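S.K.: Attaching a single structure in structure tokens format; questions to follow.
The values are calculated or read from the model by the stated rules, or taken from the named source; none is laboratory data. If you're wondering where the values come from, they're calculated on a predicted model, not measured in any experiment. Neighbour counts run over all protein chains shown; Cβ positions are idealised from the backbone, glycine included.
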Amino acid sequence: MTGSIKGLERFDSPTKGRSLRVTRAFKVGELIFSSQAYSYVLSLNERGCYCEFCFTRKEGLAKCGKCKKAFYCNVKCQKGDWAMHKLECSAMMAFRENWCPSETTRLVARILAKKKTQKERCVSEKIMLIGEMQSHVEDVDNEKREMNEADIAGLYRFYSKHLDLPDHKDLLTLLSQVSCNGFTIEDDELSHIGTAIYPDVALINHSCLPSVIVTYDGMSAEVRAVKDMKPGDEVLISYIDLLYPTDDRNNRLRESYYFTCDCQECKSKSKDKAKLKVRKRSDPIETDVINNMVRYARKAIREFRALKHTKNILLIIITWSLFELLEMCEHSLEEMGAVFDDSNIYMLHMMYQAMGVCGCMEDLDGAVRYGEKIVKPYSQLYPPNSLNVSSIYLKLGRIYMLLDKPSMGLNAFKKAMAIMEVAHGKDHLYLKELRKEMAQK
């Protein structure tokens, strides 16, 4: 029997299928609902920084006494996580440096373990069961099929001792469901912390003009309105980064979620001209030159995304030194800058990458230089209350403070806070930490 969430109802949309809408009015920043994770996993890169069980970020976490790899706030958290951690604990000791399942494999193993012990509907399945989530298993291309097969091989290699694995077909379906419905848990600067499954939140459809935003309190998902909503309005989130023009967004949606968006923004393409702005020149730039540069830019972005998908940032640094990465950014910016305006989204993408690399190199002046070029166009091109904008203000604020520019730092923090109070709620831990940060200056 389907459960319910106060103020919401599930319905069947004639164009989108299963959907969610509000049954009462909600104001901007108001919490529509929150959901505990059905299952979740902390990223290996964040071990030692966050508690594996509650995702609390703090220093002085205690190690698991057996594997010495997992970290917890206290004994209570360690005991709470044991049902899931035991899937990995002995395997990590046995395989040592050869223990290397993907994050998806780790999450799927935990889902299977939970399903085995689950006797009734989970609190994260009030309006949709995990088994109801869309899989699109029949739409998976060869590349994704190979990735799924590699994840299945990882399940057998690293988890078969503690799990009775279902048949191959069911595993492929579950992996496809996780791929289409998994949520990336992020921190205040949008850095990846872990991955989770929230069946009720997965019911929400996509729009490039979203009505809500999903943020995280520990491992719980919180859905808040980013525009005023009236009874009957559909609850809509964005599945993708909304900076990019219509064709790019829909290519991403087709690749990852197997549909094309038909929201008002995709129909009107009202922001595409601003997003694809070219340099003003006395001799107008020919269309062919612009199209060729767009192709060049998309290729450069694909190369960076491929690097980002490398399992460990250390491997990136070994393969590509930070200087080489920065040179790659600067070369792309020089090439594109002959045609594109600085506010063009492909220029902004490369500047964002360059800002990150400068940060890793502790080149604070370089990071600020790129950040200052990014922040105004971001504010104009992203929808209101976008975390992509608040995260840039946060990063800039923290760099200004390190450069001993407190007034500029506090100004950036205030702009970040205005967005975060809507997206996270005024009492969120990130806001409390930011207020402390500001009070110290």
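S.K.: Quick check on this structure: which one of Ser207, Ser176 is of a type in the set (S, T, N, Q) and touching a strand residue (DSSP E or B) at 6+ places or on another chain (Cβ under 6 Å)? Give the steps one after another, and end with the answer.
M.R.: On the way: Ser176 fails: touching a strand residue (DSSP E or B) at 6+ places or on another chain (Cβ under 6 Å).
From the options Ser207, Ser176, the qualifying one is Ser207.
Rundown of residues vs (1) without any contact (Cβ under 8 Å) to a residue 40 or more places away in the chain; (2) under 24 Å from His192 (Cα atoms); (3) not aliphatic (A, V, I, L, M), yes/no style:
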site	(1), (2), (3)
Glu335	no, no, yes
Ser343	no, no, yes
Gly359	no, yes, yes
Ser391	no, yes, yes
Ala412	yes, yes, no
Leu431	yes, yes, no
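S.K.: Answer with yes or no whether Lys161 is assigned to a loop (DSSP other than H, G, I, E, B) and without any contact (Cβ under 8 Å) to a residue 12 or more places away in the chain.
M.R.: Numbers: assigned to a loop (DSSP other than H, G, I, E, B): yes; without any contact (Cβ under 8 Å) to a residue 12 or more places away in the chain: no.
For Lys161, the condition - assigned to a loop (DSSP other than H, G, I, E, B) and without any contact (Cβ under 8 Å) to a residue 12 or more places away in the chain - is not met.
S.K.: Take the residues of region 44-59 that are touching a residue at least 40 places away in the same chain (Cβ under 8 Å) and in a strand (DSSP E or B): which is surrounded by the most Cβ atoms within 10 Å (Cβ to Cβ)?
M.R.: Restricting attention to region 44-59, the residues satisfying the condition of being touching a residue at least 40 places away in the same chain (Cβ under 8 Å) are 44-46, 50, 54-57.
Of the ones still in play, those that are also in a strand (DSSP E or B) are 50, 57.
On the way: Tyr50: 24, Arg57: 16.
So the residue we want is Tyr50.
S.K.: From Ala37, Ala25, Ala70, Ala62, grab the single residue that is within 16 Å of Ile204 (Cα to Cα), among the small types (Gly, Ala, Ser) and either touching a residue at least 12 places away in the same chain (Cβ under 8 Å) or surrounded by fewer than 16 Cβ atoms within 10 Å (Cβ to Cβ) (or both). Steps first, answer last, please.
M.R.: Numbers: Ala25 fails: within 16 Å of Ile204 (Cα to Cα); Ala70 fails: within 16 Å of Ile204 (Cα to Cα); Ala62 fails: within 16 Å of Ile204 (Cα to Cα).
After ruling out the rest, the residue left standing is Ala37.
S.K.: State yes or no: is Ser407 among the small types (Gly, Ala, Ser), part of a loop (DSSP other than H, G, I, E, B) and surrounded by fewer than 19 Cβ atoms within 10 Å (Cβ to Cβ)? Show your work before the answer.
M.R.: Numbers: among the small types (Gly, Ala, Ser): yes; part of a loop (DSSP other than H, G, I, E, B): no; surrounded by fewer than 19 Cβ atoms within 10 Å (Cβ to Cβ): yes.
It is false that Ser407 is among the small types (Gly, Ala, Ser), part of a loop (DSSP other than H, G, I, E, B) and surrounded by fewer than 19 Cβ atoms within 10 Å (Cβ to Cβ).
Quick grid of which residues meet (1) at pLDDT 95 or above; (2) assigned to a helix (DSSP H, G or I); (3) not β-branched (Val, Ile, Thr):
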site: Ser90; (1), (2), (3): no, yes, yes
site: Arg96; (1), (2), (3): no, yes, yes
site: Val108; (1), (2), (3): yes, yes, no
site: Glu143; (1), (2), (3): no, yes, yes
site: Asp151; (1), (2), (3): yes, yes, yes
site: Arg157; (1), (2), (3): yes, yes, yes
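S.K.: Give just the number: which of (1) of a type in the set (A, V, I, L, M, F, W, C); (2) in a loop (DSSP other than H, G, I, E, B); (3) more than 21 Å from Ile213 (Cβ to Cβ); (4) modelled with pLDDT of 95 or more does Val41 not satisfy?
M.R.: Unmet condition: (2).
S.K.: Which of (1) in contact (Cβ under 8 Å) with a residue 12 or more places away in the chain; (2) more than 19 Å from the chain's Cα centre (by Cα); (3) in a helix (DSSP H, G or I) does Ile285 not meet, given it meets every other one?
M.R.: (3) is the only condition that Ile285 fails.
S.K.: Please pick out the residue among Glu372, Glu421, Glu437 that is more than 26 Å from Glu330 (Cα to Cα), at pLDDT 95 or above and part of a helix (DSSP H, G or I). Reasoning before the result, please.
M.R.: Values: Glu372 fails: more than 26 Å from Glu330 (Cα to Cα); Glu437 fails: at pLDDT 95 or above.
The conditions single out Glu421.
S.K.: Say whether the condition of being within 26 Å of the chain's Cα centre (by Cα) and more than 30 Å from Leu20 (Cβ to Cβ) is met by at least one residue in region 89-98. Steps first, please.
M.R.: Residues of region 89-98 that are within 26 Å of the chain's Cα centre (by Cα), as a first pass: none.
Within region 89-98 (the criterion being within 26 Å of the chain's Cα centre (by Cα) and more than 30 Å from Leu20 (Cβ to Cβ)), the answer is no, since none of the residues qualifies.
S.K.: Residues to consider are Ser211, Ser256, Ser191; find the one that is of a type in the set (Ser, Thr, Tyr) and at pLDDT 95 or above.
M.R.: Result of the check over Ser211, Ser256, Ser191: Ser211.
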